[in-house]
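Data first, discussion second: the structure below is written as structure tokens.
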Amino acid sequence: MDKKMMTIDLNSHVLLDKAEKDGVETMYDRKQGFKSQCGFGLQGNCCRICGMGPCRITPKTPRGICGADEHVIVGRNFARMVAGGTAAHSDHARDIAHTMALSSRDGNYKIRDEEKLIILAKEWDVETEGRDIYDIAHEVADVALMEFGKPHGVARFLKNAPEPRQKIWKDLGIEPRAIDREIATIMHSTHIGCTGDIDSLIHMSLRTALADGWVGSMIGTRFSDILFGTPTVRETEANLGVLEDNKVNIILHGHEPSLSEMIVLASEDPELVALAKEMGADGINLAGMCCTGNEVTMRHGVKTAGDFHQQELAIVTGAVEAMIVDVQCIFPALAKVADCYHTKFITTSPKAKIAGSTYMEFSEETAYADGYKIVKEAVLNFKNRDKEKVLIPELKSKATVGYSADAILGQLDRVVNSHIDPAGTLKPLADCLKSGVLRGAVGVVGCNNAKGVSNLAHVTIMKELIKNDILVVTTGCGASAAAKFGLMTKEARKLAGKGLATVCDLVDIPPVLHLGSCVDCSRILDVVGGTAKLLDMDMSDLPVAGVAPEWMSEKAVAIGSYVVASGIDTYLGVMPPVTGSSRAVEILCGELQDMVGAKFTVNENPQELAQIIIQDIEKKRVHFENLV
Ligand code: XCC
Ligand code: SF4
């Protein structure tokens with residue numbers, strides 16, 4: 001295997017060698033087996049929506065048995081991806097809302113950010129005067145839960161967007177109603193014999209995606225902040241080198257902070273720490289992966305072990321006592337990899353049971369007790385570690401994390417002249433953008449995709465953007481990549497252009513900001529929306545962009561679609577399965593511009609993609625010329 005063509009992460013290289021020696025198969029082996037992927041699947045023009053299919057579009061068979069052409073088939077497949085992604089983010093949000101409904105003063109889940117709860121309650125017309133904070137929390141949770149299936153009206157959070165944006169959504173008829181309703185509508189409309197019009201399929205995809213970004217993900221982020229605390233700036237470390245030789249290593253992988261927060265608590269339980277010592281370990285070492293890793297690093301500084309593509313390699317270190325997972329982005333392959341070592345692969349959610357794993361159900365009702373049991377299982381497993389099989393790679397990087405929108409405001413306050421401007425606003429950011437010290441701000445987000453070299457596109461694009469005075473904000477596995485490659489440090493300022501470096505010095509931030517997990521892309525919407533409002537502009541007028549250089553999940557398709565529908569140009573480093581329909585490409589990469597003021601651009605060469613983004617950002621700056 002040519003490791004350099006697989007990943008640029010040197011720790012991963014070390015562990016790929018070890019995997020080979022240990023006879024363990026990883027995704028990189030399987031990737032080689034899939035050298036030629038199915039052309040129909042790649043183009044999106046294979047339909048298996050009904051039992052008469054699969055129908056595949058070729059020059060000889062230009063229509064499926066029902067007569068659906070390539071546009072209808074591609075459009076339906078795309079819409080279902082958006083629905084799948086929206087379902088995943090939003091079902092996560094629903095669980096968090098349920099968790100808030102369970103919160104109590106002496107229970108497992110408390111209200112940690114009362115101020116944020118009160119702000120939300122007021123936004124939603126929930127009475128706050130003279131009420132117990134938990135009564136307010138429970139009512140707010142109920143209101144949120146109604147956002148999933150309310151029978152009338154449109155989503156509440158839409159009114160947080162700048163007014164011109166709201167008008168565009170209303171005029172186009174893409175204001176999402178209730179989350180579940182939008183998902184169900186797509187599933188219905190893409191059933192055989194329903195929508196047979198690509199324009200309409202993309203239209204409903206945008207509406208559903210907006211339900212993801214402006215409703216589900218917003219609920220996920222805000223409720224997590226209220227329950228677990230709004231992230232503040234803190235120091236941490238990233239990459240597999242954070243595993244420790246002499247400690248019980250526990251990896252938290254998945255998405256929902258309701259589980260990971262309990263594991264964080266349990267790992268600090270004096271009884272369990274004592275038990276770890278009894279087992280001969282120096283203590284318990286927690287490290288995160290994927291989005292749950294982002295959640296706990298943002299709130300507790302828990303170290304990041306790695307990203308999506310390193311989940312198997314983490315176990316290959318032979319030093320992991322337990323890999324604890326809940327939902328999303330968990331390779332079923334982990335069961336087999338764990339079999340080769342002493343690692344316990346512990347699944348916890350009825351929504352994501354995996355054959356061959358150890359299933360220990362986690363329930364919010366018995367949250368701490370469950371977390372305790374799971375951590376205990378990990379601690380007891382330390383004695384089974386085979387020292388001969390341990391190889392912890394050396395590399396790790398420091399990272400400053402925790403940039404919630406609130407934390408960003410806090411940093412910006414450092415440059416506010418309090419005699420002239422109020423504190424706690426995005427005005428300094430808006431001023432930097434207007435004056436051109438910062439040319440723009442770009443969200444680089446999303447997964448790792450085996451179609452490319454892991455991390456290469458993320459790191460190349462981020463470096464290129466900051467060099468050109470574009471501030472980068474990041475979430476998800478993009479954030480993990482940035483952390484691993486040292487882009488979230490003070491030292492990284494020397495990679496930044498002069499303008500950005502100056503801003504970084506003044507506000508004391510790294511050039512790449514960690515905003516959290518993928519549902520926290522809603523923080524990006526908040527910051528961009530807030531800046532637009534401040535400047536009396538629409539989001540589409542700002543020199544900002546979204547990039548998903550290595551996207552792979554349906555969730556990412558939903559994110560890309562809501563970012564575009566929010567008026568933010570979106571750049572992809574991997575082609576979605578839509579090229580089978582010229583009309584789909586025409587709309588997504590062209591006509592959307594006239595509809596929503598933004599569109600998709602795809603280029604699989606990261607250098608080229610970065611240059612396109614930089615040029616487009618410069619073009620966007622004309623909007624500032626009309627400002628006083
Ligand atoms: Fe999953 Fe969220 Fe993608 Fe990473 S970035 S691979 S979706 S963990 Ni969200
Ligand atoms: Fe074929 Fe139409 Fe059925 Fe799809 S819905 S599988 S195109 S017959």
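Output the residue which, of all residues in the stretch 564-593 that are under 19 Å from Arg621 (Cα atoms) and within 22 Å of the chain's Cα centre (by Cα), is farthest from ligand 1 (Cβ to nearest atom).
Just the residues of the stretch 564-593 that are under 19 Å from Arg621 (Cα atoms), to begin with: 564, 566-571, 593.
Adding the requirement that they be within 22 Å of the chain's Cα centre (by Cα) leaves 564, 566-571.
On the way: Val564: 17, Ser566: 18, Gly567: 22, Ile568: 17, Asp569: 20, Thr570: 15, Tyr571: 16 Å.
The qualifying residue farthest from ligand 1 (Cβ to nearest atom) is Gly567.
Of all positions in the stretch 375-386, none carries a residue that is at negative phi, open to solvent by 10 Å² or more (accessible area, probe 1.4 Å), of a type in the set (Val, Ile, Thr) and in contact (Cβ under 8 Å) with a residue 60 or more places away in the chain. In the set Ala405, Ala378, only one residue is under 22 Å from Val528 (Cα atoms), in contact with an Asp or Glu (Cβ under 7 Å, 6 or more places away or on another chain) and modelled with pLDDT of 95 or more; that residue is Ala405. Out of curiosity, is Ala121 in a helix (DSSP H, G or I) and within 16 Å of ligand 1 (Cβ to nearest atom)? When the stated conditions are applied, Ala121 does not pass them.
For Ala19, the test of being more than 11 Å from ligand 2 (Cβ to nearest atom) and either of a type in the set (A, V, I, L, M, F, W, C) or not in a helix (DSSP H, G or I) (or both) is passed. Of everything in the stretch 55-78 that is open to solvent by 30 Å² or more (accessible area, probe 1.4 Å) and in a helix (DSSP H, G or I), the residue that is farthest from Gly580 (Cα to Cα) is Asn77. The residues of the stretch 441-455 that are under 18 Å from the mean Cα position of the chain (by Cα) and either part of a loop (DSSP other than H, G, I, E, B) or within 16 Å of ligand 1 (Cβ to nearest atom) (or both), listed by number, are Gly443, Val444, Val445, Gly446, Cys447, Asn448, Asn449, Ala450, Ser454, Asn455. Restricting the stretch 500-539 to residues that are of a type in the set (S, T, N, Q) and in a helix (DSSP H, G or I), which is farthest from ligand 2 (Cβ to nearest atom)? By that ranking, first place goes to Thr502. Scanning the stretch 457-502 for residues being polar (S, T, N, Q) and away from ligand 1 (no atom under 16 Å from the Cβ) gives a total of 4.
Looking at Gly84, is it within 16 Å of ligand 1 (Cβ to nearest atom), modelled with pLDDT of 95 or more and not charged (D, E, K, R)?
Yes, satisfied.
Please go through the stretch 599-628 and give me each residue that is touching a helix residue (DSSP H, G or I) at 6+ places or on another chain (Cβ under 6 Å), within 22 Å of Asp541 (Cβ to Cβ) and crowded, with 21+ Cβ neighbours inside 10 Å, ordered by number. Scanning the stretch 599-628 gives a single hit, Phe600.
Return yes or no: is Arg94 in contact with a Ser or Thr (Cβ under 9 Å, 6 or more places away or on another chain) and basic (Lys, Arg)? Considered against the rule, which asks whether it is in contact with a Ser or Thr (Cβ under 9 Å, 6 or more places away or on another chain) and basic (Lys, Arg), Arg94 comes out as no. Counted as qualifying within the stretch 251-351 are the strands (runs of 3 or more DSSP E) with 1 or more residues that are open to solvent by less than 10 Å² (accessible area, probe 1.4 Å) and within 12 Å of ligand 1 (Cβ to nearest atom), namely 284-289, 303-306, 322-325.
Name every residue in the stretch 14-35 that is open to solvent by 40 Å² or more (accessible area, probe 1.4 Å) and either under 29 Å from the mean Cα position of the chain (by Cα) or assigned by TED's automatic domain parsing to the domain that holds Met575 (or both), in order of residue number.
Restricting attention to the stretch 14-35, the residues satisfying the condition of being open to solvent by 40 Å² or more (accessible area, probe 1.4 Å) are 14, 17, 20-23, 25, 29-35.
The answer is Val14, Glu25, Asp29, Arg30, Lys31, Gln32, Gly33, Phe34, Lys35.
Of all residues in the stretch 189-217, those that are touching a residue at least 24 places away in the same chain (Cβ under 8 Å) and farther than 15 Å from Leu172 by Cβ have Cβ atoms under 9 Å from Cβ atoms of residues that are more than 16 Å from ligand 2 (Cβ to nearest atom) and aromatic (Phe, Trp, Tyr), 6 or more apart or on another chain, in Asp212/Tyr562; Gly213/Tyr562; Val215/Phe148; Val215/Phe157; Gly216/Phe148; Ser217/Tyr562.
Quick one: is Thr475 closer than 26 Å to Asp541 by Cβ and polar (S, T, N, Q)?
Against the criterion (closer than 26 Å to Asp541 by Cβ and polar (S, T, N, Q)), Thr475 qualifies.
The values are calculated or read from the model by the stated rules, or taken from the named source; none is laboratory data. None of the values given here were measured: they were computed from a predicted structure. Because the Cβ atoms are built from the backbone with ideal geometry, glycine has one as well, and the counts that use them run over all protein chains shown. SASA here: full protein model, heavy atoms, side chains in, ligands and nucleic acids out. Shrake-Rupley method; radii C 1.70, N 1.55, O 1.52, S 1.80 Å.
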